[in-house]
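Here, each number is a calculation from the coordinates, and none is a lab measurement. Values in this document were obtained by computation on a predicted structure and should not be read as measured data. We place every Cβ from the backbone using ideal geometry, glycine too, and count neighbours over all the protein chains shown.
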Ligand code: 0X9
Ligand code: CA
Ligand code: CA
Ligand code: CA
Ligand code: ZN
């Protein structure tokens with residue numbers, strides 16, 4: 001792939017001391033800068049339990065990492081004040097370089113991270129796979145983002161043009177803008193299922209006997225925005241405007257239509273990085289993917305049996321529900337919970353991630369996983385990829401991409417294998 005680079009944009013991350021004030025980054029230049037996020041990254045010490053983490057998330061901050069007895073969060077100054085009012089010590093850390101003022105030209109990843117794919121590069125990779133393997137992979141535009149970019153679903157199977165009676169499996173990536181490693185994960189899966197089909201018997205068995213759907217970029221606008229200045233912006237949401245507010249964006253993973261906004265696991269404030277949107281599915285990106293999933297109900301039966309939503313970071317495998325601390329809830333029986341847990345544990349044994357219920361981390365509502373199980377009855381996992389902690393946070397160097405995407409190969413194959421009857425994993429029949 002031929003890429004033009006501006007060397008002046010390299011060296012994006014500037015680590016500052018941990019004692020800066022909590023005020024928003026000053027607007028540079030003389031024009032208003034409504035796009036400059038007021039978010040910054042902070043460290044919260046002495047947070048031990050899921051209840052404490054949920055109380056902090058309830059302020060509207062996004063909990064980015066749980067490590068060393070505390071949290072790394074992204075928060076606005078108001079959210080920081082609320083967390084301090086709860087009695088926690090909060091310190092600014094690892095400030096990202098403020099976006100440059102003035103014109104925002106679509107640029108690219110910093111040259112040091114050139115192996116990451118921006119939207120155009122991702123599209124080119126996909127198009128090449130379509131050219132190379134027309135009998136194995138097909139592409140459909142399932143809708144458009146707020147800024148009108150195409151959201152695509154790739155189907156991979158033998159007899160790809162035919163809707164066969166086979167278990168369907170869905171992989172989604174990049175709900176959160178700054179989690180770029182997840183797009184690489186999706187591209188890796190596309191490559192495995194197509195380029196390795198002829199030579200790898202395990203891959204071939206799964207491609208022949210499953211219908212695999214991959215939505216490699218649920219949030220293209222956010223992803224492009226995050227890299228647009230040449231300095232990472234640590235953006236999380238989409239780029240949808242909010243009426244009556246200059247704050248931009250909805251957290252796509254709080255906008256799904258199951259117990260939306262129920263439980264203090266999302267924010268009603270447009271300024272929050274976990275803003276849940278004005279209504280369930282108010283984000284076009286969520287609506288597009290949810291509509292696609294609904295089209296997979298054929299003859300009253302949801303064809304998609306299993307799903308992974310890729311995120312970063314933390315090296316976790318999470319299963320529903322996120323909206324409650326309880327293991328079981330209406331519509332989630334003991335056997336269904338045990339199926340999720342057992343398969344989650346088996347996958348975790350292959351990649352050394354930590355398997356747990358979503359809410360063991362902190363309460364969330366309106367997530368894709370809660371919707372896919374709660375409404376569609378799809379066995380569903382959230383993978384929080386590399387790093388566990390440190391390691392560049394949301395921006396690991398591109399040198400780790402190949403290792404970290406292939407790390408999930410066996411887990412994905414396991415999920416595909418059990419997709420004919422997930423409860424088989426605990427000895428049940430379907
Ligand atoms: O908060 C999220 O949406 C996910 N974590 S991330 O750091 N990638 O933003 C986790 C969603 C899983 N659900 C729960 N943890 N309850
Ligand atoms: Ca590099
Ligand atoms: Ca089918
Ligand atoms: Ca087939
Ligand atoms: Zn995420």
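GNM remark for the chain: springs join alpha carbons under 10 Å apart, and the peak mean-square fluctuation among 277, 300, 69 falls on 300. If R0 is taken as 22 Å, the Cβ-Cβ distance between residue 127 and residue 402 corresponds to a FRET efficiency of 0.55. Over the chain, the hull volume per residue, using the convex hull of the C-alpha atoms, is 136 Å³. The angle separating the long axis of helix 284-295 from the principal Cα axis of greatest extent in the chain is about 10 degrees.
Given their separation in residues at 0.36 nm each and the Cα-Cα distance between them, residue 243 and residue 209 gain 7.6 nm when the chain is fully extended. All C-alpha pair distances within the stretch 147-270, sorted into 10 Å bins from zero, spread as 12, 33, 29, 19, 7, 0 percent across the bins.
Stretching the chain fully between residue 111 and residue 350 yields a gain of 82.8 nm (0.36 nm per residue, less the alpha carbon separation). Taken along the Cα-to-beta-carbon direction at a fixed 7 Å, the label points for residue 302 and residue 282 span 2.5 nm.
Pick from 406, 243, 145: which is most flexible by mean-square fluctuation in a GNM of the chain where alpha carbon atoms under 10 Å apart are linked? Checking each option, the largest mean-square fluctuation is seen for 243. Taking every alpha-carbon pair in the stretch 40-93 and binning the separations at 5 Å intervals from zero gives 5, 24, 42, 24, 5 percent.
Where does the stretch 74-212 land on the Kirkwood hydrodynamic radius, alpha-carbon pairs, in angstrom? Numbers along the way, then the final one.
On the way: mean 1/r = 0.0545 Å⁻¹.
For the stretch 74-212, inverting the mean 1/r across all distinct Cα pairs yields 18.3 Å.
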